[in-house]
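> Before I ask anything, let me first share the structure, which is written out below as structure tokens.
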Amino acid sequence: MRELLLLNLGGMNYGVWKDEVLSIKDVQTIHRLPLSPTCIAGMSILDGRTATLADLSVCIGLAPMSRQKKGHILIMSEQEKITGFVVAGEVASITVPDDSVHPMPGYLRTPVLDTCVVHASQPVPVILLSSQSYYDTT
């Protein structure tokens, strides 16, 4: 069994493995950087240090998150170029039995979406936050 964080991105449920996230923080202030790509939500001060935050919705090909909604920051690492991901809305945690995890069909599989979980009779794509695809800036 594994813990999965449920997120609502673009009106659809997605999941993130809880063990890929160092911590979860409420969004306080995010400073948008002029001329930065849309995948970069901005910069914020977290625990006394400047952190670069990516918009997880944009990273998986959806529209940017609304800045009017309450959001959360999924802290990934203190060493990477992108320190965390910003997500709108609530973050819920569920326990997932091993037999509820399935591979994505080949035509839907990407480097960051390769499995899904069946939860409440609905498929929930699982986003691999540890994928190097997010950190390739070249």
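> Using the Kirkwood radius built from alpha carbon pairs, what does the Stokes-Einstein equation give as D for region 1-109 at 25 °C and 0.890 mPa s, in µm² per second?
So the translational diffusion coefficient is about 166 µm²/s.
> Place a point 7 Å from Cα of LEU62 in the direction of its Cβ. Which residues in region 1-31 have their backbone N less than 17 Å from it?
Answer for region 1-31: 4-18, 27.
> Mind listing the phi-derived Karplus ³J(HN,Hα) values for region 30-36, rounded to whole Hz, using 6.51, -1.76 and 1.60 with θ = phi - 60°, and x for any glycine or proline?
10, 9, 6, 9, x, 6, 7
> Another question, then. For LEU9, list long-range residues whose amide hydrogen, built 1.01 Å from N in the peptide plane, is under 5 Å from its own amide hydrogen.
TYR14
> While we're here: For an R0 of 22 angstrom, estimate the FRET efficiency from the Cβ-Cβ distance between GLU90 and VAL118 and round to the nearest 0.05.
0.60
> Full extension from MET1 to LEU35: what is 0.36 nm times the residue separation minus their Cα-Cα distance, to one decimal in nm?
8.0 nm
> At most 14 other Cβ atoms within 10 Å plus a DSSP loop assignment makes a site exposed; report the longest stretch of the chain without any exposed chymotrypsin sites (Phe, Trp or Tyr not before Pro).
Formally, the longest exposed-site-free interval is 1-106.
> Ordered by residue, what ³J(HN,Hα) values in Hz, to whole numbers, does region 83-95 give under the Karplus form 6.51 cos²θ - 1.76 cosθ + 1.60, where θ = phi - 60° and Gly and Pro are x?
Per-residue couplings from phi come out as 7, x, 10, 9, 10, 8, x, 7, 10, 10, 10, 10, 9 Hz.
> I would also like to ask the following. Would you pull out the residues with amide H under 5 Å of ILE40's amide H, same chain only if 5 or more places away, H placed 1.01 Å from N?
ASP55
> Check MET104: other-chain or 5+ apart residues with amide H under 5 Å from its amide H, H built from backbone geometry?
The list, which skips near neighbours in sequence, is THR115, CYS116.
Every read-out reported here was derived from the displayed coordinates using simple, explicitly stated rules and does not represent laboratory data. It should be emphasised that the depicted structure is a prediction, and the values quoted were computed from it without experimental measurement. In this analysis, Cβ positions are derived from the backbone assuming ideal geometry, glycine residues included, and neighbour counts consider all displayed protein chains.
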